[in-house]
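One structure below.
The values are calculated or read from the model by the stated rules, or taken from the named source; none is laboratory data. The shown structure was predicted, so the numbers you read here are calculated from the model rather than taken from an experiment. Ideal geometry is used to build each Cβ from the backbone, glycine not excepted, and the neighbour counts take in all protein chains shown. Please note that ligands, DNA and RNA were not included when accessible areas were found on the heavy atoms of the full protein model with its side chains. Shrake-Rupley method; radii C 1.70, N 1.55, O 1.52, S 1.80 Å.
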Amino acid sequence: MTNTDWPLWEVFVRSRRGLSHTHAGSLHAPDAEFALRNARDLYTRRGEGVSIWVVPSSAITASSPDEKDPFFEPAADKPYRHPTFYEIPEGVKHL
Amino acid sequence: MTVDLTTNAAALALGDDALVLSHRLGEWAGHAPVLEEEVALANIALDLLGQARVLLSMAGDEDELAYLREERAFRNLQLVEQPNGDFAHTIARQLYFSTHQHLLYARLAAGDGPFAGLAAKAVKEVAYHRDHAERWTLRLGDGTEVSRRRMQSAVDALWRFTGELFQPVDGLDVDPAALEATWLESVTDVLRRATLTVPEGRRTGAWRAGAGRQGLHTESFGRMLAEMQHLHRSHPGASW
């Protein structure tokens, strides 16, 4: 198996209507059309999806592990950010 | 061999096409240029194997038919038994065959013969095989200097096996000859778009290869069968 210059693609699959596309994995493909087809072969052969998106991995901007603290550890002393004070009236089912 | 080979000649012919091509494509496992393409070829092989199982079961016992027949009893086209060669050869073989199979199955699905049910299900799979082969032909033909040269050489080398696609098949409610004009138009269109030259070699008469439907096969087929049948013949009745 030789290494190729095919770019990497990220695959997002919508498992059924009404749900959003979810990241399923990644793959190599020479272009977008083949990325879609490879995604179909790799991720939806057993009826897992109704729609596929492929995105060049290079187009994704990701947060850096170095920025973990400023990004993901907000001050815990601002309790108003966490809506835990509300009493849920009885009989309300869909909150 | 308890199966009467004349009872369902059409099921055997179509079933053997699917079985043999499936095995050839399976030979790519572990050898394909990239993992993604290996999975794609294996998926096509599995689709074909599923079709073969249904078709051979119509003609008799599927295992007996697949594993215990001699070379001369196989009724597949010589096209599908051709060795994988390089990737371009595999794609050219698939382009020629899948275009034909797609047209044939669409016609069978529209009828009410014994193959209508299978064809209606399989035609969607085959449409994908055809799409896969067409896209690769376009990319290889209109690709680099090397890919273009290899694709042209594959398209030329297999051309002589395509006349056989349109020979009549006993027991089939569609005359394959009726598909030839559409097939030629479609393949010509793909090759032109791929900037390839449509082969000029003869597909009929003395130049035409192909008597696979009559049980005559090419040299490499015996070796393929030996590999395919070896395990079952060594351990009759073995199961997982």
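Of note:
- Residues that are over 29 Å from B:S220 (Cα atoms) and of a type in the set (A, V, I, L, M) were ranked within segment B:68-118; the one that is most open to solvent (accessible area, probe 1.4 Å) is B:A110.
- Residues that are in contact with a Ser or Thr (Cβ under 9 Å, 6 or more places away or on another chain) and within 16 Å of B:N84 (Cβ to Cβ) within segment B:35-62 comprise B:L41, B:I44, B:A45, B:L48, listed in sequence order.
- Lone qualifier among A:G25, A:G18, A:G47 - being over 19 Å from B:H132 (Cβ atoms) and more than 14 Å from chain B (Cβ to nearest Cβ): A:G18
For (1) out of contact with any Phe, Trp or Tyr (no Cβ under 9 Å at 6 or more places or on another chain); (2) touching a residue at least 24 places away in the same chain (Cβ under 8 Å); (3) outside any loop (DSSP other than H, G, I, E, B), each residue gets a yes or a no:
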site: B:A10; (1), (2), (3): no, yes, yes
site: B:V20; (1), (2), (3): no, yes, yes
site: B:W28; (1), (2), (3): no, yes, no
site: B:H31; (1), (2), (3): yes, no, no
site: B:E36; (1), (2), (3): no, no, yes
site: B:D47; (1), (2), (3): no, yes, yes
site: B:S57; (1), (2), (3): yes, no, yes
site: B:L79; (1), (2), (3): no, yes, yes
site: B:P83; (1), (2), (3): yes, yes, no
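- Condition met for A:R46 (within 23 Å of A:E10 (Cα to Cα) and assigned to a loop (DSSP other than H, G, I, E, B)): yes
- B:L35 crowded, with 24+ Cβ neighbours inside 10 Å and within 14 Å of chain A (Cβ to nearest Cβ): no
- In segment A:38-51, the residues that are open to solvent by less than 50 Å² (accessible area, probe 1.4 Å) and of a type outside the set (A, V, I, L, M): A:N38, A:D41, A:T44, A:G49, A:S51
- All positions within segment B:20-32 that are surrounded by fewer than 24 Cβ atoms within 10 Å (Cβ to Cβ) and either at the interface with chain A (Cβ under 10 Å from one of its Cβ atoms) or out of contact with any Asp or Glu (no Cβ under 9 Å at 6 or more places or on another chain) (or both): B:G26, B:G30, B:H31, B:A32
Residue by residue, here is whether (1) of a type outside the set (S, T, Y); (2) closer than 28 Å to B:R53 by Cβ holds:
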position	(1), (2)
B:L118	yes, yes
B:K124	yes, yes
B:R130	yes, yes
B:E134	yes, yes
B:S147	no, no
B:Q152	yes, no
B:Q167	yes, yes
B:L184	yes, no
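- Condition met for A:S58 (hydroxyl-bearing (S, T, Y) and assigned to a strand (DSSP E or B)): no
- Condition met for B:G201 (over 19 Å from the mean Cα position of the chain (by Cα), at pLDDT below 85 and open to solvent by less than 50 Å² (accessible area, probe 1.4 Å)): yes
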